[in-house]
């Protein structure tokens, strides 16, 4: 990459020197303008490419991975979290001195941590309510990475997504909004039972049970995506049925 950058700058310098010698003044200006536009475009592309390098390296652990689907079961949508009534914004303390006079209301300007936490919970609930209706499928799958020498060897089940079956590896995850579904729950099969995933990283084959949320109008045939790598073949049953 560094050698390529040096080569490009060397070519640009040669072009400028040739332009100064052989082109009229307006030709030099046009060339300089083109070089400026090229540098802006190339710099943006280069920045994006450099930014994506670690994600490509992380995703490579599941390049051409094998996904053995054991079962796919439709489930009703999980219950939404209960909404709590927000407390009054006025923070007051009632002081009573034992006399027959009216109670004294002492207002406090200090921020209330509990109130702030309730506001954050309310924002989370609103974002949950704003989601479009989705189907939910419980997927029992065993994912086996291909043997890989060097680089990242561990992967995170919670980063798995589902995308249309036509999706190819190497495509930017956000390109064309390819993501269709994401896991709501992830369980790991260990010691002959499924246990909740604690957002850990794992090495080698792993059997998972995931509750995947997908839009109602999503295609039935999907595949898994892990960063830039797409693999597997997943067919969703009709809503309300099991495969």
How many residues, within the range 3-29, are in a helix (DSSP H, G or I) and either modelled with pLDDT under 70 or surrounded by 13 or more Cβ atoms within 10 Å (Cβ to Cβ) (or both)?
-> 12
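Quick one: which residue in 49, 93 is modelled with pLDDT under 65 and under 27 Å from residue 169 (Cα atoms)? Before you say what the answer is, go through the steps one by one.
On the way: 93 fails: under 27 Å from residue 169 (Cα atoms).
The unique qualifying residue is 49.
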Filter pass, residue 65 being surrounded by 14 or more Cβ atoms within 10 Å (Cβ to Cβ) and modelled with pLDDT of 90 or more | yes
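Conditions tested, residue by residue: (1) under 25 Å from residue 152 (Cα atoms); (2) at pLDDT 90 or above.
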{"residue": "185", "(1), (2)": "yes, yes"}
{"residue": "198", "(1), (2)": "yes, no"}
{"residue": "205", "(1), (2)": "yes, yes"}
{"residue": "218", "(1), (2)": "no, no"}
{"residue": "231", "(1), (2)": "yes, yes"}
{"residue": "236", "(1), (2)": "no, yes"}
Could you tell me whether any residue of the range 121-144 is modelled with pLDDT of 85 or more and part of a helix (DSSP H, G or I)?
-> no
Within the range 190-234, how many residues are exposed (fewer than 14 other Cβ atoms within 10 Å of the Cβ) and assigned to a strand (DSSP E or B)?
-> 8
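The values are calculated or read from the model by the stated rules, or taken from the named source; none is laboratory data. Predicted model only: the values in this text are computed from it and were never measured. Every residue, glycine as well, gets a Cβ built from its backbone with ideal geometry; the counts of neighbours run over all protein chains shown.
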